[in-house]
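J.: Below is a structure I'd like to ask you about.
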Amino acid sequence: MDKQYSQWQAMWAICRASLTSVFKSPQAVFFSLFFPIVLIVVFGALTGGGGYSLDVGFESRTDTTNAVYQAITRVPVLHIVRANDSNLLDRLRKGRITALIDISQKEGSAGKPQYDVHLKTTSASQRDLPGLQAILGSVINMVNTQAAGVTEKYATVSSEQLPGRPYSMIDFYLPGLLGFSLIGASVFGVAFVFFTLRETLVLKRMYSTPVKRGMIVLGEGIGRLLFQLATAAVLVLFGTICYHFTLANGVITFLELMALSLVGLLVFMGFGFIISSVAKNQNVIPIYANLFMFPQYFLSGTFFSKTLMPQSIQWLVNILPLTALNDAMRKVSFEGAHLWNVGHELLILVIWCIVIFTIAVKVFRWE
């Protein structure tokens, strides 16, 4: 009696072949692994500073013998740029410093000296000007209080630091870069692979074998999923080891990040299937893919907070699949949330998954 043909064995054979081919592809390895690692290194280096800082300069004619000057130079968030007047003025015009400060003495009441703090700014430095004015106002109030001999204060500021995890910008950037890697590799990888397989009649020849259609697509899809999950794991471990990326609950958080990556990959691969089916030639695949991906790179909080987007489009931002994935990953990794705590984000991804694969099934072509 002939041995019954095993569909599952055939599917795993296709999966192994797909996985082997993608690991041997320099383009796939570069864009899925090497390029995101370079971005992590760049952002990790840029975010290693000491926080908020404003660059200011003093004009050469500034009176440096008074208490106002001494108080300003002791403010930790003000970085004093030392240079001649022409150099400082050039930096001011190019927006490299927030303002030029000139402290001059004038005659006050009862013959007592008074000091005027004059700011010279340009349109290139208006973004940081309100912060500088607030800082200088606080400094001047302190100096005035001391000069008036006031010892009893009407109000004071006190603070306490609650225990919590130290937050660094890599905790914001790495989940975004992980989503950036997953969406790019999934959409481009699936779209190009299935388009090429169809154009070279490989899919048609595979369809003529005893392997069922679903098993062929499943084998290719699982191969892609395994590759992308492997690269996601490497990115998370690289960020954790080299830049102290926060895994709030250790191994559990790592596994939950992989589960979220899997859900995101399913959504993004669905778009790849649609693009591979509607594309008439290889030249239009990047156009269709970028129409789907590029808006999400800038709207979904990948490189900067989504709250910077106008309020009028926040409803759109919040329903994008990459937004849901980024938000869920950040809640899980730093805030210590679990998968059941990010149900809203998962619901958005599941809805996208259902809609996308419904469309993909209807438009998918074998020839």
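The values are calculated or read from the model by the stated rules, or taken from the named source; none is laboratory data. Because the structure is a prediction, the values reported are computed rather than measured. When we count neighbours, we look across all protein chains shown, and the Cβ atoms used for this are built from the backbone with ideal geometry, even at glycine. When the accessible area is computed, the model is the full protein with side chains, heavy atoms only, and any ligands, DNA or RNA have been set aside. Shrake-Rupley method; radii C 1.70, N 1.55, O 1.52, S 1.80 Å.
J.: Just to be sure, is V355 open to solvent by 40 Å² or more (accessible area, probe 1.4 Å) and out of contact with any Gly (no Cβ under 9 Å at 6 or more places or on another chain)? I'd like the intermediate steps shown before the answer.
T.: On the way: open to solvent by 40 Å² or more (accessible area, probe 1.4 Å): yes; out of contact with any Gly (no Cβ under 9 Å at 6 or more places or on another chain): no.
Considered against the rule, which asks whether it is open to solvent by 40 Å² or more (accessible area, probe 1.4 Å) and out of contact with any Gly (no Cβ under 9 Å at 6 or more places or on another chain), V355 comes out as no.
J.: Looking for whichever is hydrophobic (A, V, I, L, M, F, W, C) and surrounded by fewer than 18 Cβ atoms within 10 Å (Cβ to Cβ) here; the options are V202, V217, V193, V187. Which one fits?
T.: Sole residue among the options that is hydrophobic (A, V, I, L, M, F, W, C) and surrounded by fewer than 18 Cβ atoms within 10 Å (Cβ to Cβ): V202.
J.: Is there any pair with a first residue in region 59-75 that is in contact (Cβ under 8 Å) with a residue 60 or more places away in the chain and a second that is surrounded by fewer than 16 Cβ atoms within 10 Å (Cβ to Cβ) whose Cβ atoms are under 8 Å apart and which are 6 or more apart or on different chains, and what are they?
T.: E59/D85; E59/K120; A67/Q146; A67/A147; V68/I140; A71/M142
J.: If L316 satisfies all but one of (1) modelled with pLDDT of 90 or more; (2) open to solvent by 40 Å² or more (accessible area, probe 1.4 Å); (3) within 22 Å of R224 (Cβ to Cβ), what's the number of the condition it fails?
T.: (3)
J.: With the structure loaded, tell me whether E335 is touching a residue at least 24 places away in the same chain (Cβ under 8 Å), within 24 Å of L229 (Cβ to Cβ) and of a type in the set (D, E) or whether it fails that test.
T.: yes
J.: Also, quick follow-up: Output the residues belonging to region 286-301 that are aliphatic (A, V, I, L, M) and open to solvent by 40 Å² or more (accessible area, probe 1.4 Å). Talk me through it step by step, then tell me what you get.
T.: Within region 286-301, the first condition is being aliphatic (A, V, I, L, M), and the residues that meet it are 287, 289, 291, 293, 299.
Passing the criteria: I287, L291.
J.: So, one more: What do you reckon, is I275 out of contact with any strand residue (DSSP E or B) (no Cβ under 8 Å at 6 or more places or on another chain), more than 14 Å from S181 (Cβ to Cβ) and open to solvent by less than 30 Å² (accessible area, probe 1.4 Å)?
T.: It is true that I275 is out of contact with any strand residue (DSSP E or B) (no Cβ under 8 Å at 6 or more places or on another chain), more than 14 Å from S181 (Cβ to Cβ) and open to solvent by less than 30 Å² (accessible area, probe 1.4 Å).
J.: Restrict the check to region 162-184 and report whether at least one residue is loosely packed, with under 13 Cβ neighbours inside 10 Å, under 20 Å from V77 (Cα atoms) and either modelled with pLDDT of 85 or more or among the aliphatic types (A, V, I, L, M) (or both).
T.: no
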